[in-house]
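Visitor: Here's a structure for you.
The values are calculated or read from the model by the stated rules, or taken from the named source; none is laboratory data. Note that the structure is predicted; figures quoted are calculated from it, not measured. Here the Cβ positions follow ideal geometry from the backbone for every residue, glycine too, while neighbour counts run over all protein chains shown.
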């Protein structure tokens, strides 16, 4: 096979179909179904005809909402045939993210994987067909050169569409095959997402060029992390395409190596994020397979530099330029500039950004690096990530790499956070590994001068990363700065929600911020009492709906679900107020059903009493305590309690007895409920004057219904 780059995807496909028509192209490991190279060609023709039937013309965008369905491949070649551009999108993205891409791309057609239900307006499913309808591909001079748009937000910004051409994709495929001397019919595992460039390129078009057999599974995650070596053993796989995060998880899951037979593995590729030398060497030694990493971006159609598969291999570098020109805009360290057939056509619908990024044919990568004495590239950071503190420029990647090598952290990400006293504070978010913050600080003191060390070390449960393992700097900054917590505070402090200011705003803010960093639920808990109604009514439904909406608003403020709302069904209070047992049970069963439908949790208060060993006799003891009797006489809401008690018992002469007993019951359980809900934020509709008998927790005062509505669905 010639190693010279071909400018056309269809030529690449035709060559492979002609060489191996009956060879397997892809097997979906989830369904065990296999398609051959001949079927790949026929599928492409089918989808090209489908696109033409729907009026798709050259230059139109075709969106595919996908979760790594094999139909991606014939659809990509169909777009090459018709001159349209395929836009793959993660079907699991948030609605707001998908809407932003759809609004920018303005697709002529939106498709979805057939085995998933309709989503985001994509009602047209696509499957891999077996028929071969007549279709006449546009000639090279008839169709646009561009064929694929990958939307990427990188690590800092909003989504932008990277436009890649036939020449970009076919050049990269041929270059990869030639540089790594990839032999025909190798078996690859594909487990990175199709909506990023790595998987379509390395476990897609590179495979097509050598008639390789792709073994496809879900995008990498906890569900298939333990299955990788099983896949290798069962299918005798030869090549894995990995990320540093995947490599780290495989080392953690197999600290002594694997008992699986992975002797068929010939090599692994690692991309999408920097691979540290320690993990690189550890992985190779543990699993006895060479790993080659590369450096590149979506804008360079994957790798612009590659680790040589020979004696030139150097740990700590990302290899030599391949298939392109590369220079450093600085001496000796500066921004990495790249030029050649692998550089994108531009950003879709963003002419100004394209002009800024492509200067005289050179792509300005935004990465900072230098070429070592062997001509191999060393990346030291991102121009956008450089932190300026008191006039000193700090490269956060150097801090993170040092910590990863130390063994004190499992992961690390250093960011600059705006500071009113100086340019930026340097904050290192890290996932600790059997170490303390003091250990991390001491480690950095041996490696960095004082003016280069972080101002703050913040433990975090996980570094937010993209689907291909890149640290999401903006998200990290949002979390450690407290901005995410502040958005939740603003959500629950609006006039339409809050009926009174909290006495402990700093504690509430700290509680929310701590939970965000720890990745634990942010719990809001409150009483739900039972009154005279046996059945739920419209005010109950509206109040629960209001809590459900508030929970969703807080989750939206965070950008992911983390809010938990717990209703304590106050059956003990109902019994104290002499409500019939059947009445209490029926009402709370209906409340629990309404709450579950709204995404809320419920728990009987009696369960907490039983767990704490509290009994009715404890209430009796308090009722006979002279000090409690004195407190009751000066209780600010005593008259309100008396009025409520008279309504319930129907007798003015018994109101004092009922009200005082209820007051004592609340005092009896106060400490127990406080302890049971430790770490939660208490919510209530009631007057702040009731704080003396409510749980001693940070408290927010929320309207149970729309402000101005007098109906009140629960009683405390």
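Visitor: Could you check the stretch 269-282 and list, in sequence order, the residues that are in contact with a helix residue (DSSP H, G or I) (Cβ under 8 Å, 6 or more places away or on another chain) and farther than 19 Å from residue 470 by Cα?
Guide: 282
For (1) assigned by TED's automatic domain parsing to the domain that holds residue 591; (2) at pLDDT 95 or above; (3) out of contact with any strand residue (DSSP E or B) (no Cβ under 8 Å at 6 or more places or on another chain); (4) surrounded by fewer than 20 Cβ atoms within 10 Å (Cβ to Cβ), each residue gets a yes or a no:
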site: 623; (1), (2), (3), (4): yes, no, yes, yes
site: 631; (1), (2), (3), (4): yes, no, yes, yes
site: 652; (1), (2), (3), (4): yes, no, yes, yes
site: 656; (1), (2), (3), (4): yes, no, yes, yes
site: 673; (1), (2), (3), (4): yes, yes, no, no
site: 681; (1), (2), (3), (4): yes, yes, no, no
site: 684; (1), (2), (3), (4): yes, no, no, no
site: 712; (1), (2), (3), (4): no, no, yes, yes
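Visitor: Between 196, 181, which is on the phi > 0 side of the Ramachandran plot, at pLDDT 90 or above and either crowded, with 22+ Cβ neighbours inside 10 Å or not in a helix (DSSP H, G or I) (or both)?
Guide: Values: 196 fails: on the phi > 0 side of the Ramachandran plot.
Residue meeting the stated conditions: 181.
Visitor: Would you please name the residue that is surrounded by the fewest Cβ atoms within 10 Å (Cβ to Cβ), looking only at residues in the stretch 28-42 that are in a loop (DSSP other than H, G, I, E, B) and without any contact (Cβ under 8 Å) to a residue 60 or more places away in the chain?
Guide: We begin by selecting, within the stretch 28-42, every residue in a loop (DSSP other than H, G, I, E, B); these are 29-32.
Still in the running and without any contact (Cβ under 8 Å) to a residue 60 or more places away in the chain: 31-32.
On the way: 31: 10, 32: 7.
Filtering the stretch 28-42 for residues that are in a loop (DSSP other than H, G, I, E, B) and without any contact (Cβ under 8 Å) to a residue 60 or more places away in the chain, the one surrounded by the fewest Cβ atoms within 10 Å (Cβ to Cβ) comes out as 32.
Visitor: How about the stretch 333-387: which of its residues are assigned to a loop (DSSP other than H, G, I, E, B) and farther than 23 Å from residue 275 by Cβ?
Guide: Just the residues of the stretch 333-387 that are assigned to a loop (DSSP other than H, G, I, E, B), to begin with: 333, 340-345, 348-350, 360-361, 372-376, 383-386.
Listed by number, the residues that qualify are 340, 341, 343, 344, 345, 348, 349, 350, 360, 361.
Visitor: Testing residue 469 on (1) over 30 Å from residue 381 (Cβ atoms); (2) crowded, with 20+ Cβ neighbours inside 10 Å; (3) at pLDDT below 95; (4) in contact with a helix residue (DSSP H, G or I) (Cβ under 8 Å, 6 or more places away or on another chain), one condition comes back false. Which one is that?
Guide: The one condition residue 469 does not meet is (1).
Visitor: I've got another one for you. Which one is farthest from the chain's Cα centre (by Cα), of the residues in the stretch 510-538 that are part of a helix (DSSP H, G or I) and surrounded by fewer than 17 Cβ atoms within 10 Å (Cβ to Cβ)? Can you show your working first?
Guide: First, pick out the residues of the stretch 510-538 that are part of a helix (DSSP H, G or I): 510-518, 538.
Within this subset, residues satisfying the condition of being surrounded by fewer than 17 Cβ atoms within 10 Å (Cβ to Cβ) are 510, 514, 518, 538.
Numbers: 510: 23, 514: 19, 518: 15, 538: 38 Å.
Filtering the stretch 510-538 for residues that are part of a helix (DSSP H, G or I) and surrounded by fewer than 17 Cβ atoms within 10 Å (Cβ to Cβ), the one farthest from the chain's Cα centre (by Cα) comes out as 538.
Visitor: OK, next. Assess whether residue 585 counts as being surrounded by 12 or more Cβ atoms within 10 Å (Cβ to Cβ) and either farther than 27 Å from residue 549 by Cα or not assigned by TED's automatic domain parsing to the domain that holds residue 526 (or both). Full working, then the answer.
Guide: On the way: surrounded by 12 or more Cβ atoms within 10 Å (Cβ to Cβ): yes; either farther than 27 Å from residue 549 by Cα or not assigned by TED's automatic domain parsing to the domain that holds residue 526 (or both): no.
Here the answer is no, as residue 585 does not meet what is asked.
Visitor: Ok, one more. Determine whether the stretch 301-320 contains at least one residue that is part of a helix (DSSP H, G or I) and either at pLDDT 95 or above or under 16 Å from residue 202 (Cα atoms) (or both). Lay out the reasoning, then the answer.
Guide: Quick first cut of the stretch 301-320, residues part of a helix (DSSP H, G or I) only: none.
Within the stretch 301-320, none of the residues are part of a helix (DSSP H, G or I) and either at pLDDT 95 or above or under 16 Å from residue 202 (Cα atoms) (or both).
Visitor: For the stretch 224-255, give me each residue that is under 27 Å from residue 183 (Cβ atoms) and not in a helix (DSSP H, G or I).
Guide: Within the stretch 224-255, 227, 236, 237, 238, 239, 240, 241, 242, 243 qualify.
Visitor: Can you confirm whether residue 648 is without any contact (Cβ under 8 Å) to a residue 12 or more places away in the chain, surrounded by 16 or more Cβ atoms within 10 Å (Cβ to Cβ) and farther than 18 Å from residue 685 by Cα?
Guide: Judged against the criteria, residue 648 is not a match.
Visitor: Another question, then. Taking the stretch 439-454, which residues are loosely packed, with under 15 Cβ neighbours inside 10 Å and either touching a strand residue (DSSP E or B) at 6+ places or on another chain (Cβ under 9 Å) or closer than 18 Å to residue 478 by Cβ (or both)? It would help to see each step written out before you state the result.
Guide: To start, the set of residues in the stretch 439-454 that are loosely packed, with under 15 Cβ neighbours inside 10 Å comprises 442, 445-447, 449-451.
Within the stretch 439-454, just 451 meets the criteria.
Visitor: Which ones in the stretch 411-450 are under 28 Å from the mean Cα position of the chain (by Cα) and assigned to a helix (DSSP H, G or I)? Spell out how you get there, then give the answer.
Guide: Of the stretch 411-450, the ones under 28 Å from the mean Cα position of the chain (by Cα) are 411-419, 424-437, 440.
Those that are under 28 Å from the mean Cα position of the chain (by Cα) and assigned to a helix (DSSP H, G or I): 437, 440.
Visitor: Condition (residue is within 21 Å of residue 403 (Cβ to Cβ), in contact with a strand residue (DSSP E or B) (Cβ under 8 Å, 6 or more places away or on another chain) and not in a strand (DSSP E or B)) applied to the stretch 481-503: is it met by at least one residue?
Guide: First, pick out the residues of the stretch 481-503 that are within 21 Å of residue 403 (Cβ to Cβ): 481.
From the residues that got through so far, the ones that are in contact with a strand residue (DSSP E or B) (Cβ under 8 Å, 6 or more places away or on another chain) too are 481.
Now restrict to residues that are not in a strand (DSSP E or B): 481.
Yes - at least one qualifying residue is present in the stretch 481-503.
Visitor: Taking residue 488, is it touching a residue at least 24 places away in the same chain (Cβ under 8 Å) and assigned by TED's automatic domain parsing to the domain that holds residue 426? So that I can check it myself, show each step before the final result.
Guide: Values: touching a residue at least 24 places away in the same chain (Cβ under 8 Å): yes; assigned by TED's automatic domain parsing to the domain that holds residue 426: no.
Answer is no for this residue.
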